[in-house]
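The values are calculated or read from the model by the stated rules, or taken from the named source; none is laboratory data. The shown structure was predicted, so the numbers you read here are calculated from the model rather than taken from an experiment. Cβ sites come from the backbone with ideal geometry, for glycine too, and all protein chains shown count toward neighbours. Only protein heavy atoms, including side chains, enter the accessible area calculation; ligands, DNA and RNA are left aside. Shrake-Rupley method; radii C 1.70, N 1.55, O 1.52, S 1.80 Å.
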2 protein chains.
Amino acid sequence: MTFEIHFTHEPIVVPPENRSSREVGASLEFQGIVREMENGQALKGLFYEAYEPMARRRLEYHLSELGREHPCLEMVFIHRLGWVPVGEASLFIRVLGKHRGEALKLLGELVDRLKLDVPIWKQVRETS
Amino acid sequence: MTFEIHFTHEPIVVPPENRSSREVGASLEFQGIVREMENGQALKGLFYEAYEPMARRRLEYHLSELGREHPCLEMVFIHRLGWVPVGEASLFIRVLGKHRGEALKLLGELVDRLKLDVPIWKQVRETS
């Protein structure tokens, strides 16, 4: 499985899908979007920070492991950092696989691990 | 949960995302794509047929049920019919939800039920 990991301080632009194989049977795209209400509080946005070198290493580790458990073909991961207003995406993940089952599992487990074990933090702030 | 169900004989065009709520925290898009190799045979494409009125009724039934089990906000379902060449999508599903968990479950279970209980058939043909 090939993968790309990007961090950006700009709004996430969904990259064009560049399928390298005629064996892709499932394309799955996920966007995690900042919601207005969190714990009963109306937000204007969230502020994301990462320790990028370690975040990248942890992601590479988890992607290698998950790629063996749920073999897929290609993956793109983009995390936005800095101020992200309500309604905009902080996270984009695309998984291309032969079958939907592996792609769904890889995506779900990757986001679970991202929250648990990758040094990216979000803070509630009143404004940017 | 609001949902749209479309059948088309043209290539699927991903519709613009028109989020009605600031509570959307997860956007999930799935495309099922015709693969070249199926059961060791190299295909040029697949031919899809549906009994549309019943397919729509079964999808409405399953979406209502799944929407209660895995509450989401909006869903778009598009199935292409007729000849679909290798590399093109026969199916597009978008799920918008508050959280990724429900969106992933709704999507996964919907595609499982689509294959089991919705009158849409695919045939292997040499050409269009």
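Just to be sure before I move on: is B:R56 at pLDDT 95 or above, open to solvent by 70 Å² or more (accessible area, probe 1.4 Å) and farther than 25 Å from A:G108 by Cα in the structure I sent?
yes
From B:G108, B:G97, B:G32, B:G25, grab the single residue that is more than 17 Å from the chain's Cα centre (by Cα), at pLDDT 95 or above and within 14 Å of chain A (Cβ to nearest Cβ).
B:G25
Test B:E4 against the stated conditions and say whether it is open to solvent by 50 Å² or more (accessible area, probe 1.4 Å) and in a strand (DSSP E or B).
For B:E4, the condition - open to solvent by 50 Å² or more (accessible area, probe 1.4 Å) and in a strand (DSSP E or B) - is met.
Return the residues of the stretch B:42-69 that are within 13 Å of another protein chain (Cβ to nearest Cβ) and in contact with a strand residue (DSSP E or B) (Cβ under 9 Å, 6 or more places away or on another chain); say none if nothing qualifies.
Scanning the stretch B:42-69 gives B:L43, B:K44, B:G45, B:L46.
Would you point out which residue out of A:G87, A:G67, A:G101, A:G32 is assigned to a loop (DSSP other than H, G, I, E, B) and either open to solvent by less than 60 Å² (accessible area, probe 1.4 Å) or in contact (Cβ under 8 Å) with a residue 40 or more places away in the chain (or both)?
The match here is A:G87.
Just to be sure before I move on: is A:R94 crowded, with 16+ Cβ neighbours inside 10 Å and within 27 Å of B:D112 (Cα to Cα) in the structure I sent?
So A:R94 fits the description; yes.
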